[in-house]
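Colleague: The structure that follows is given in the form of C-alpha cells.
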Amino acid sequence: MEKDRYAVIWTQINGDPVKMANIISTGREFRFSYTQDYLNTGSTTGVSIFSSPDIFEDKPIVHTASEAMPLYPRLMSLIPGQGKKNIQRRIYNNILAKYDTPPAPGFDTEWALLMMAGRNGIGHIDIFETDFEAQQWYEEKQKPLLQSDESELRSTIWQFLKEDLSMALPEDIDLVNLLGPTPSVGGMIPKILATIPDLPNWNGDFERPGLQHIDGHKSVEVIIKIEYPEYAGLTQLEALGLEANKKSGVITPRYWLANIDDLPMIAIERFDRTQKGTPIPIESFFSAMASATTDVTGATDTDMERVGRMLAAIGKVAKFDVKTSQKSVYQRFLLAILTGNGDMHLENLSFIGGNDGLSVSPMYDPAPMRAWSRHNLLSAIPFEIEGSLRDSIIRLGKSFGLNKKIATELLHQCAESTDNFQEQVLSETNVPHETQKRLVSVISDVRKKLGVVG
Ligand SMILES: Nc1ncnc2c1ncn2[C@@H]1O[C@H](COP(=O)(O)OP(=O)(O)O)[C@@H](O)[C@H]1O
Ligand SMILES: [Mg+2]
C-alpha cells in the first residue's frame, strides 16, 4: 500500500518567511490546508489562484492524484522537468544516486526531487520536509559560490553544459555543490536561475540567485537559457520574438545575449522577484486551469476559446482586470501566429501577482519555433477554423470579449508591428540559412492567408 508523505509549504511573499500550509500526499490524493499563522496574515493569496485562503480558510484543499498529476498542479511545476536536457534533474539525480537507499523510480523519486528542489524557484512557493529544515534554510546566509578570480571555473561549468550534459561530471569540480540545490524551472530548453551583473553587456559572469552584488556590481536576477546545436539560432530568434512583442506594446523583460566559450545563451530578467528579491507569485495558465478542472492534464489540453473563458472565470476569484487581460492574451496569440511561434501553450502563459492584484505576466518564451519542422504547428493550442484563417482568427476574438471590429483592428496593428520580422530573421547571422528560409516561408504563407501586409 502507498505510504503517506508529509511536507510543509513556506513563503516569503511578505518579506519574512511564514509557514503557509501543511501537506499530506497519499497514493490517492494530495491535500493541504492553510496554517492559522498564515490565515492571520489576512492574505488572500494562497498556493494557487483557485485555492485562495479567503475561500478555503482552514478547510483542506483536496486534489485527486493521477499518474500524470500526482500532486497539486502548482507543486508539479516545482519538480525539475523530465526532459533529458534538464540540468536540475541531472544534478539532483546524481545526489540521489549517492544515497544509501536511493528512492525507487516513479513517484518516490519525484517526491524526493520536490523535497530537494522545491524552493527558491520561480514564484513564491517553498517546499520543505519539516519546519525545522525551512527555518534553517531561511537563516542561511547567502554567500557567493564562486570567488571573483574563478572565471576559469565558470568557463568549465559552461563547458560542461556545452558537452550536452552527457560527459561525466568533471572529477575536480563538484558541480553539485557549486550550483547547489539550483532552483528548477520547467520547459524544454536547458536553463539555470542565476544573477548576473546589471550592466549593458554580459560577459558570462554569473552567481547564485538571490545575491545582491557580483564583484561590486549591482546584480539582476535572470533565467539563463542555453542554446544547443539542434536548435542553432534559437537564442537570437527568441530575442527577435521579444522585440516583436515589445514593439506591439506587450510588456517584455530585459534580456542579454552572449556567446561564452562558443555556447550561445540568453539571460532574461526575472519578473517574479521585486528589486529587493522578494518573491512575486506566478502561476501558469496550465496550473490554474488544471487546479480548477480535471480534464486539463497537459499544456495543450484545451482550446483557445476556453482560454478566453477561463480568463473571465479568474475575475471571479481574484482582483483581475478581465477585459485588459483577455485583450492582451488575444494580442499575444496574434503575434505568435504572425511571427511563426506555434508554441504558445498553457505553460508559456502565466498569471503574476497575488489574488489581490493579479494580471497576465510579461511575455516570455516567444521563440518562433515553427523554424524547426518538428515544431511546425500553426498553434499549439487549437482553435476553431471554419472558413478562412482570417475569419476564424477574428471570430476567436469573441471568446476574448472582442467584437469583430476590435479584433480586426488588433490583427492589423499586430501585422503592422511585425511587418519587418521576416527581414530581421534573414539578417540574423547565427541562424542557419535553412532555418531562416523555413521560418520566412511559413510566416509569409500565414500572412497571405490572413490578408495582411508584409
Ligand atoms: N522572465 C521570467 N521571469 C520569471 N519566470 C520566467 C521568466 N521566463 C520564463 N519563466 C518561467 O520559466 C519557465 C521556463 O521558461 P521558458 O522560457 O518557457 O523555457 P522553455 O523554452 O524551456 O519552455 C516558464 O514556463 C516560466 O514559468
Ligand atoms: Mg516555455
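Colleague: Name the residues whose placed amide hydrogens come within less than 5 Å of the amide hydrogen of T252, ignoring near sequence neighbours (fewer than 5 apart) on the same chain.
Modeller: Amide H neighbours of T252, under 5 Å, 5+ apart: M363.
Colleague: Next up: Could you list S77, S328 so that the one with the fewest beta carbons within 10 Å of its beta carbon is first and the one with the most is last?
Modeller: S328, S77
Colleague: I've got another one for you. Report the extension gain between D321 and I24 in nm, rounded to one decimal, defined as 0.36 nm multiplied by the number of residues separating them, less their alpha carbon distance.
Modeller: 103.5 nm
Colleague: Apply 1/(1 + (r/R0)^6) to the Cβ-Cβ distance of I95 and S155, taking R0 = 25 Å, and write down the FRET efficiency to the nearest 0.05.
Modeller: 0.55
Colleague: How compact and how long is the chain, expressed as Rg and Dmax of its alpha-carbon atoms in Å?
Modeller: Looking at the chain, its Cα Rg and Dmax stand at 22.1, 66 Å.
Colleague: Got a sec to turn the phi values of segment 363-379 into Karplus ³J(HN,Hα) couplings, 6.51 cos²θ - 1.76 cosθ + 1.60 with θ = phi - 60°, whole Hz, x for Gly and Pro?
Modeller: 5, 8, 6, x, 4, x, 5, 5, 5, 10, 4, 5, 10, 7, 10, 4, 8
Colleague: Please list the radius of gyration and Dmax for segment 301-454, considering alpha-carbon atoms only, with Å as the unit.
Modeller: Final numbers for Rg and Dmax: 15.8, 49 Å.
Colleague: Distance between the C-alpha centers of segment 92-121 and segment 314-335? Whole Å please.
Modeller: Taking the Cα centre of segment 314-335 as reference, the centre of segment 92-121 is 37 Å away.
Colleague: Give me Y38, Y231, Y6 ranked fewest to most by other Cβ atoms within 10 Å of their Cβ, as a rough exposure proxy.
Modeller: In increasing order of surrounding Cβ atoms, one gets Y6, Y231, Y38.
Colleague: Based on other C-beta atoms within 10 Å, arrange F383, F333 from fewest to most. Don't skip to the end; give the middle numbers.
Modeller: Values: F383 19, F333 25.
Least to most surrounded, the residues fall as F383, F333.
Colleague: Only sites in a loop by DSSP and with at most 14 other Cβ atoms within 10 Å count here; which GluC sites (Glu not before Pro) in segment 40-117 make the cut? Can you show the working numbers first?
Modeller: On the way: sites: E57, E67, E110; in loops: E57, E67.
Listed in order of number, the matching sites are E57, E67.
Colleague: Also, I was wondering about something else. Suppose every Lys and Arg Cβ carries +1 and every Asp and Glu Cβ carries -1, with no other charges. What dipole size does the chain come out with about its Cα centre, to the nearest 20 debye?
Modeller: 1620 debye
Colleague: Now, a different point. Roughly how compact is segment 5-158, stated as its Cα Rg over 2.2 N^0.38 Å to two decimals?
Modeller: Dividing the Cα radius of gyration by 2.2 N^0.38 Å gives 1.15.
Colleague: On a full-extension model of 0.36 nm per residue, what is the gain between Q413 and T429, subtracting their alpha-carbon distance, rounded to one decimal in nm?
Modeller: 2.9 nm
Colleague: Give a quick list of GluC sites (Glu not before Pro) in segment 299-398 that DSSP marks as loop, anything other than H, G, I, E or B, with at most 16 other Cβ atoms within 10 Å.
Modeller: Those that pass, being in a loop and sparsely packed, are E384, E386.
Colleague: Here's another thing I want to ask about it. At q = 0.16, 0.19, 0.30 Å⁻¹, what base-10 log of I(q)/I(0) does the Debye formula yield for segment 285-346 when every alpha carbon is treated as an equal point scatterer in vacuo?
Modeller: Log-scaled intensity ratios, in q order: -0.53, -0.74, -1.32.
Any read-out appearing in this document is the output of simple, stated calculations on the displayed coordinates, not a laboratory observation. Predicted, not measured: the structure shown is a model, and the values here were computed from it. With ideal geometry, Cβ positions are generated from the backbone for all residues, glycine too; neighbour counts draw on all protein chains shown.
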